[in-house]
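Before any comments, here is the structure.
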Amino acid sequence: MLRVSVVLILKRYGITEGVLAFDESDRARSKSTKRIYKVYKQKHKGSGGYVNGQTIVLLLLVTSSITVPVGFFFYMPDPALKHWDKEDKRLKKSGIAKKDRPIKPERDSAYPTKTEIALGLLKEFKVAHSLIKIKGVLADALYGEKAFMDEAAKESGGSQVISQLRKNQNIEYRGRIRSVESYFNSINKGIDQIIRVRGGKEIKVTVSSARLKVSSHSKKRFVIALKYDGENYYRYLVATDLTWRTQDIIQAYTLRWLIEVFFEDWKLYEGWGREAKQLDEEGSSRGLILSLLFDHCLLPLSAPDGLIVSRRRREICQSEVRDSARGRLKFYPE
């Protein structure tokens, strides 16, 4: 149903190209739950403690007119690998030599990594929407590894892939290896610039860039140090296509923050995880799909600039999504 809804929206808006953006979101669940799909123990950002929760990897399509969710997958760490890692750390702390500790088990294919999930979602999007031109792929630092960036560029038809490096990752400059933080703080210091983000708003940033060999990637990447006005530390963007300009990469990456806007609306207004919990994979998927369909449902009722026309229309749409849970929602041709 979600895939059909995406097809209808792309047709309605005449969308032929866009940027794909990945991110993940956690949803806390009951501490004693046993039947909610892929619930695991995770850190609670608010309290600093631990809760049981679900993690969703989401794929969004960002276009010149709308931002719309187009795919998702439930993530959960491999329990066997998690247990091995905990035990390995305990034995290492006790002074047990590596050769005397248990060997790391193979990952169970039922528990793919987040990067594997993201690549799977990208491939599914290409198959389902082969006529849509992917102009770029955006993801945060978790996905800034060589395997993901190279494969994402390949699967998207050679489009630009933009992610982030950690400040302690090494680059090579004039035959010497140094951290990306050291390079931009001492050798290639940033200058102040004005960039325009989506909507035409101009903001002040400090920027520096270079085409550098990233040691962990074993190849040259376009690396950018970026600091927004009022920030004390740089973030380090990394891109696969060396032909783009610095400003184009920065402005493309700012589109990733539209995901945060989507998450805020989704969690506050669109229902996922707020009603009665349904059991197992089918139950979790059903509730998640309905909440994403609600986000889709709002789009045809939106003004050209993406703003909801009226609260009443939101309420009508919400009512239709509730009806869909009872099998009464129908799609009619224009």
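Derivation of every value follows stated rules applied to the coordinates shown; laboratory data play no part. From a predicted model like this one, the values you see are computed outputs, not experimental measurements. When we count neighbours, we look across all protein chains shown, and the Cβ atoms used for this are built from the backbone with ideal geometry, even at glycine.
Got a sec to turn the phi values of the range 171-184 into Karplus ³J(HN,Hα) couplings, 6.51 cos²θ - 1.76 cosθ + 1.60 with θ = phi - 60°, whole Hz, x for Gly and Pro?
Karplus values, whole Hz, x for Gly and Pro: 10, 10, 9, 6, x, 10, 8, 8, 6, 5, 5, 5, 4, 7.
Could you tell me the ratio Rg/Rh of the range 114-212? Both radii from Cα atoms, Rh via Kirkwood. Walk me through the numbers on the way to the answer.
Numbers: Rg = 16.6 Å, Rh = 15.9 Å.
So for the range 114-212, dividing Rg by the Kirkwood Rh gives 1.04.
Would you mind counting up the charge near residue 232? Only other residues with Cβ under 14 Å from its Cβ, with Lys and Arg at +1 and Asp and Glu at -1.
Values: positive: 167, 227, 235; negative: 181, 229, 231.
That sum, taken over residues with Cβ under 14 Å, equals 0.
Is there a pair in 43/86; 167/227; 146/213; 43/227; 104/154; 38/126 whose C-alpha atoms are over 20 Å apart, and which pairs would that be? Walk me through the intermediate numbers first.
Values: 43/86 15 Å; 167/227 13 Å; 146/213 12 Å; 43/227 28 Å; 104/154 30 Å; 38/126 26 Å.
As for pairs spanning more than 20 Å Cα to Cα, those are 43/227; 104/154; 38/126.
Between beta-carbons, use under 12 Å as the cut-off and find the net charge around residue 135, counting Lys and Arg +1, Asp and Glu -1. Please report the intermediate quantities before stating the final value.
Details: positive: 133; negative: 17, 241, 248.
Neighbour charge sum, excluding residue 135 itself: -2.
Roughly how many nanometres apart are two label points built 7 Å out from the Cα toward the Cβ at residue 84 and residue 43?
That separation, rounded to one decimal, is 2.3 nm.
Please list the radius of gyration and Dmax for the range 112-157, considering alpha-carbon atoms only, with Å as the unit.
Rg and Dmax of the range 112-157, Cα atoms, are 10.3, 29 Å.
Run the quick spin-label model on residue 176 and residue 100: label points 7 Å from Cα toward the beta carbon, then report their separation in nm to one decimal.
Placing both labels 7 Å beyond Cα along the Cβ direction yields 4.3 nm.
Using only the C-alpha atoms of the range 1-73, find the volume of their convex hull and express it per residue in Å³. List each step's numbers first, then the result.
Values: hull volume 7.7 nm³, N = 73.
Taking only Cα atoms, the range 1-73 has a hull volume of 106 Å³ per residue.
I'm checking a number: the convex hull volume of the Cα atoms of the range 162-261, normalised per residue, in Å³. What is it?
On the way: hull volume 10.5 nm³, N = 100.
With only Cα atoms used, the range 162-261 gives 105 Å³ per residue.
For residue 93, what is the net charge nearby, where nearby means another residue's Cβ is under 15 Å from its Cβ and Lys, Arg count +1, Asp, Glu -1?
Details: positive: 86, 89, 90, 92, 98, 101; negative: 85, 87, 88, 100.
Taking every other residue near residue 93 into account, the sum is +2.
Which value in nm describes the separation of the simple spin-label points at residue 7 and residue 201, placed 7 Å from the Cα toward the beta carbon?
3.7 nm
So what's the range 58-166 giving for Cα Rg divided by 2.2 N^0.38 Å, two decimals?
1.39
Along each of the three principal axes of the Cα atoms of the range 34-77, give the extent in whole Å, ordering the values from largest to smallest.
Computed over the range 34-77, the largest-to-smallest principal extents equal 40, 25, 15 Å.
I'd like the FRET efficiency for residue 185 and residue 218, computed as 1/(1 + (r/R0)^6) with the beta carbon distance as r and R0 of 22 Å, rounded to 0.05. Numbers along the way, then the final one.
On the way: r = 24 Å, r/R0 = 1.10.
Calculated value: 0.35.
At a 10 angstrom cut-off on C-beta neighbours, averaged per residue, how do the peptides 215-227, 8-20 rank from highest to lowest? Kindly include the intermediate steps, with their values, before the conclusion.
Numbers: 215-227: 18.7, 8-20: 16.8.
Packing proxy ranking, top to bottom: 215-227, 8-20.
Could you calculate the contour length gain from residue 91 to residue 64, that is, 0.36 nm times the residue separation minus the distance between their Cα atoms, to one decimal place in nm? Could you put the intermediate results ahead of the total?
Values: separation 27, 0.36 × 27 = 9.72 nm, distance 5.36 nm.
Net length gain for the segment: 4.4 nm.
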